[in-house]
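First up is the structure itself, then whatever we jot down about it.
The values are calculated or read from the model by the stated rules, or taken from the named source; none is laboratory data. What you are looking at is a predicted structure, and each value in this text was computed from that prediction instead of being measured. Here the Cβ is made from the backbone with ideal geometry for all residues, glycine too, and neighbour counts use every protein chain on show. In case anyone asks, the SASA skips ligands and DNA or RNA and just uses the protein heavy atoms, side chains included. Shrake-Rupley method; radii C 1.70, N 1.55, O 1.52, S 1.80 Å.
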Amino acid sequence: MKKYLLKFLFLMSALLFILPILSTIGMSFWQEKLSLQPWIDLLLDTPVFYKMFWNSMFYASVITILELCVATPCAFGLVTSKIRGKKIIFMIYLILMMMPLQVTLLPNYIGLREMGLLNTRAGIIFPMIFSAFGIVVLHQYMLNLDEAQIEAARLETDSVIKILMYVVAPQMKACIIATSVFLFAECFNMLEQPMLFLKEERLQNLTVFMMNASGYEGNVLFPASVIFLIPVSILYLYFNDALEKGIKL
Amino acid sequence: MNKKRKKIRLSWNKKCCICMFPAIIGTLVFSLIPFIRVVYYSGIKNQFDTSFALFSNYERVWKNEYFRIAFKNSVQLILICVPILVVIAILISLILVFGKMQKRRIQIAFILPMVIPTAGIAVIWRQFFSEIDNIIPVYLLFIWKNVGICIILLTAAFASIQKDVYEAAYLEGANSVRRHIYMTLPISAPTIFFTTLLSIVNSFRIFKESYLYYGTNYPPDYGYTLQYYMNNHFLKLNYQNLSASAVFSTLFAGIVIAAGMSFIRRFQN
């Protein structure tokens, strides 16, 4: 009896965790009574929403792909090269990863201002590509890389790029997927950078739209939230296996 | 033969070093070199009079009433919220790893909030807690969102414990609660400490949750954290105050991180 009670309580707490998501979906079909009005308001009468949704998708995908292209070789170099000071480089990245965003924003802002990249898409993308998260997570996973395979591959080819693509990447599959999902979710969720680095509405992303959504016609907040949740939820549900195995810190 | 081999190894090593260049150059250009500027700004009087003022900017920031409220709230968040979060995560992970039930599906429910964009959930949160005017809704949002990563790390650590460790305890008739308190938790202590440190670090980043929940630059006093202080000075582009508080926050975060890391290191040895 006690066992069943515990089991029931545990299931209820799991349900409690997804309750906010379920109720967001429920509320999007509600306007005094069951209705599609919020969805019509959003999809037909708020064209700016589409623009911002695609901006969000664009930023998140571009940043994720480019960061992987930059961070994987760097993590590989940090693990395999034999130079003095690589531990210090890794420590710097570890500390950078743990720094609050508000601290890194000001240096980013100053760097972007010098280069005239404020209020451009590149200004959002560049600082995020070089964020430390990807390097740290990939590095920790690469510590368990099968070195014999790399040695064997080096007899065949002299190109680091080929070895990275055909020997390292397959071994790292779970980690690369997990890192990508996290990066995508992180960029999809970004608020401070577009808010502070961008002035024009046409460049803003969905998070900023949600901030200002009370200013638009009708009851668009809930359906917008639902659409906001869809891309990351799909990614997570599809890749949840890799997500749990690919993170070693 | 030997000579040739050495030559190849050298060039391979160089190639590996070159691999790191793009990321390191990017980090230097966008973060580290500008950070030196931030330190410089925090020491000068203002943009037009660049004579050094040493600590007067810091003093002004430290004496500011709002900065103090913000600092107090940030510390309070670490002291109250992080322990609760870690305890909840440990309990859930224990049940997930050692309980006898369909755990895959249940685990998904606990981890999903981690990837959910905050802006998509802030609306329903405001609806749920519209009557409450204290900090608890923000704390709950923080716990809800951060339990996932803790569970991923903890379940991995718990699942990797060898089963025969428990056999002696079984024979002595220790019940499951005692078994976990005296065996599971001490064995995975390094992971638990790391999870705690990670949660503290994540508590520095609570601004987004709080900002989307309150929907304003000026939340009630109990919700005002260091990040609000910096954000508001950012909008005013008050470089001197901003730089001083950035350096101050960097030091604060740096000390907490370094202390945590060295504690874990020492514990592992």
Options B:LEU226, B:LEU242, B:LEU235; residue that is among the aliphatic types (A, V, I, L, M), more than 22 Å from B:VAL147 (Cβ to Cβ), facing another protein chain (nearest Cβ under 9 Å) and surrounded by fewer than 19 Cβ atoms within 10 Å (Cβ to Cβ):
B:LEU235
So B:GLY215, is it closer than 22 Å to B:ILE143 by Cβ, of a type outside the set (Ser, Thr, Tyr) and at the interface with chain A (Cβ under 9 Å from one of its Cβ atoms):
yes
Residue count, the range B:97-126 (criterion: open to solvent by 20 Å² or more (accessible area, probe 1.4 Å) and not in a helix (DSSP H, G or I)):
4
The lone exception for B:SER42 - which of (1) more than 12 Å from chain A (Cβ to nearest Cβ); (2) modelled with pLDDT under 90; (3) open to solvent by less than 80 Å² (accessible area, probe 1.4 Å) it fails
(1)
Would you be able to tell me the number of residues in the range A:123-154 that are open to solvent by 30 Å² or more (accessible area, probe 1.4 Å) and in a helix (DSSP H, G or I)?
10
I'm trying to understand the selection: among the residues of the range B:147-182, which are in a helix (DSSP H, G or I), within 26 Å of the chain's Cα centre (by Cα) and within 12 Å of another protein chain (Cβ to nearest Cβ)?
B:VAL147, B:GLY148, B:ILE149, B:CYS150, B:ILE151, B:ILE152, B:LEU153, B:LEU154, B:THR155, B:ALA156, B:ALA157, B:ALA159
Do we have any residue at all in the range A:11-32 that's open to solvent by 30 Å² or more (accessible area, probe 1.4 Å) and touching a strand residue (DSSP E or B) at 6+ places or on another chain (Cβ under 8 Å)?
no
Look at B:ILE200 and say whether it is within 14 Å of chain A (Cβ to nearest Cβ), part of a helix (DSSP H, G or I), β-branched (Val, Ile, Thr) and open to solvent by 20 Å² or more (accessible area, probe 1.4 Å).
yes
For A:MET91: the one exception among (1) open to solvent by 40 Å² or more (accessible area, probe 1.4 Å); (2) more than 7 Å from chain B (Cβ to nearest Cβ); (3) under 25 Å from B:ASN202 (Cβ atoms); (4) in contact (Cβ under 8 Å) with a residue 40 or more places away in the chain:
(4)
Name the one entry in B:SER243, B:SER188 that is among the small types (Gly, Ala, Ser) and more than 23 Å from A:LEU196 (Cβ to Cβ).
B:SER188
One residue is enough: does the range A:41-64 have a residue meeting the conditions polar (S, T, N, Q), modelled with pLDDT under 85 and under 30 Å from B:GLN127 (Cβ atoms)?
yes
Test: residue in the range B:127-137 that is buried (at least 16 other Cβ atoms within 10 Å of the Cβ), within 11 Å of another protein chain (Cβ to nearest Cβ) and part of a helix (DSSP H, G or I):
no
In the range A:70-85, which residues are free of Cβ contacts under 8 Å to residues at least 40 places away in the same chain and within 8 Å of chain B (Cβ to nearest Cβ)?
A:GLY77, A:SER81, A:LYS82, A:ILE83
Scope the range A:198-223; condition within 8 Å of another protein chain (Cβ to nearest Cβ) and crowded, with 21+ Cβ neighbours inside 10 Å; matching residues:
A:LEU206, A:THR207, A:MET210, A:LEU221, A:PHE222
Qualifying residue in the range A:109-116 (condition: under 21 Å from the mean Cα position of the chain (by Cα) and within 19 Å of A:ILE63 (Cβ to Cβ)):
yes
Filter the range A:48-57 down to the residues that are of a type in the set (A, V, I, L, M, F, W, C) and touching a helix residue (DSSP H, G or I) at 6+ places or on another chain (Cβ under 8 Å), then identify the one that is farthest from the other protein chains (Cβ to nearest Cβ).
A:VAL48
For the subset of the range A:159-176 comprising residues that are open to solvent by 20 Å² or more (accessible area, probe 1.4 Å) and touching a Ser or Thr at 6+ places or on another chain (Cβ under 8 Å), which member is farthest from B:SER11 (Cα to Cα)?
A:ILE176
For the subset of the range B:138-175 comprising residues that are closer than 16 Å to B:SER93 by Cα and of a type in the set (Phe, Trp, Tyr), which member is most open to solvent (accessible area, probe 1.4 Å)?
B:TRP144
Say whether the condition of being within 12 Å of chain B (Cβ to nearest Cβ), open to solvent by 50 Å² or more (accessible area, probe 1.4 Å) and over 14 Å from A:PRO73 (Cα atoms) is met by at least one residue in the range A:177-186.
yes
Can you run down the residue pairs with Cβ atoms below 6 Å, 6 or more apart or on separate chains, where the first is in the range A:44-57 and touching a residue at least 40 places away in the same chain (Cβ under 8 Å) and the partner is small (Gly, Ala, Ser) and crowded, with 16+ Cβ neighbours inside 10 Å?
none
